[in-house]
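Notes follow once the structure below has been shown.
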Amino acid sequence: MGLIKEALWTSKTSKIQTIAIIVGIAILAVIPGFTDPYAPLFLAWIVAYGVMAVAWTFFSGKTGYISLASAAFMGLGMYLQALLGRELPLAVTMILSAAVAFAAAFGIGVITLRLRGVYFTIFTFGLALFLNKIIRWYEVTYTFTKGRMVKAYDNDLVLYAMLVILGIVLFTVIIMNKSRFGLSLDCIGQNEDSAQHVGVNTTMTKVLAFAISAAPVGAVGAVMSTTIGYVDPEIAFRILASFFPVLMAIFGGMHSLYGPLVGAAVFYSLQDYLLRKTDYYMIIFGAVMIVVILLMPKGLFGLIEDIMAKRRRGFDGEVIGDV
């Protein structure tokens, strides 16, 4: 309890952070009652990508090990929802999908996180492609299907489910960042050899962090598959789902809890706007992303923090001059 209080309420920064998260989730929760039917679904996708970006930042942002496995874990959640969603409540399939993603990531981490550098990234990139092919082969060979229907839910319920996942993820990340586990991850990211010398079990720490970051992605897949109504290997293991969280985290800024959330909101809104306005949205979208990342290496949230810091320094300088 002491750690939770320290993480959520002890300092001024933690109080502001906790209040902002609660207020933000509360605002999103009441929006469905005042907006058109499309708005909850639009917001649910923003929250979904926000969860994935925060989860990616928790592992890759801290350790420096770039994971491209989000599509694999999201796809597992989608297929589990398709298989079990008609017999089980959404809350149960969310938990099961998170557990399956955690177990899969743990097993993969034990095998691959002894590797360093680009090898881990290459393996995680190929994971979604491997699952895509193996599931397609199994379905065509043994079940004689090419895809599965998914039970649909009301858009408001989907948004509320995503807000629950977001709240759990933010709470978990805040607590982890303040714990010895979070400190161990920071040490690994700064210098893994030094972390080993001071007694950190670097391999198991990375494996656990990777598994923890995968669990909410699996739950996201289970929930958001209900908005599509149908999944097949190409849809479930869409490789762009591995790159979007990375770009969103970089776009928003990885050095703050809010950065990935801001990046997800702006990124998805821009994508949705361009998709409805032009057939060349991917070209325009890619160009905008390149320009923004080059001009704002700390992301949108980092730019905002720099501007506020400059204004504070300017204000302090004026006060000193008057004195």
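Here is a check on your reading of the model: is R86 over 25 Å from V158 (Cα atoms) and surrounded by fewer than 24 Cβ atoms within 10 Å (Cβ to Cβ)? Considered against the rule, which asks whether it is over 25 Å from V158 (Cα atoms) and surrounded by fewer than 24 Cβ atoms within 10 Å (Cβ to Cβ), R86 comes out as no. Quick one: in region 153-200, which of the residues that are polar (S, T, N, Q) and without any contact (Cβ under 8 Å) to a residue 24 or more places away in the chain is nearest to S213 (Cα to Cα)? The extreme case among them is S184. Just wondering, is there one or more residues in region 72-88 that are within 23 Å of I188 (Cβ to Cβ) and among the basic types (K, R)? Looking for residues that are within 23 Å of I188 (Cβ to Cβ) and among the basic types (K, R), one finds none in region 72-88, hence no. Of the helices (runs of 4 or more DSSP H) lying entirely inside region 168-274, those carrying at least 1 residues that are among the acidic types (D, E) are 180-190, 192-197, 233-236. The set of residues from region 212-239 being under 16 Å from the mean Cα position of the chain (by Cα) and over 25 Å from F144 (Cβ atoms) comprises I212, S213, A214, A215, P216, V217, G218, A219, V220, V223, M224, I239.
Taking region 136-158 as the range and being within 25 Å of the chain's Cα centre (by Cα), modelled with pLDDT of 90 or more and assigned to a helix (DSSP H, G or I) as the test, the residues that pass are L157, V158. No other residue among L129, L183, L115 is touching a helix residue (DSSP H, G or I) at 6+ places or on another chain (Cβ under 8 Å) and of a type in the set (A, V, I, L, M) apart from L115.
Yes or no, residue by residue, for (1) aromatic (F, W, Y); (2) exposed (fewer than 14 other Cβ atoms within 10 Å of the Cβ); (3) touching a strand residue (DSSP E or B) at 6+ places or on another chain (Cβ under 7 Å):
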| residue | (1), (2), (3) |
| --- | --- |
| A211 | no, no, no |
| V231 | no, no, yes |
| A236 | no, no, no |
| M248 | no, no, no |
| L261 | no, no, no |
| F267 | yes, no, no |
| Y280 | yes, yes, no |
| I283 | no, yes, no |
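The values are calculated or read from the model by the stated rules, or taken from the named source; none is laboratory data. If you're wondering where the values come from, they're calculated on a predicted model, not measured in any experiment. Cβ: placed from backbone, ideal geometry, glycine included. Neighbour counts: every protein chain shown.
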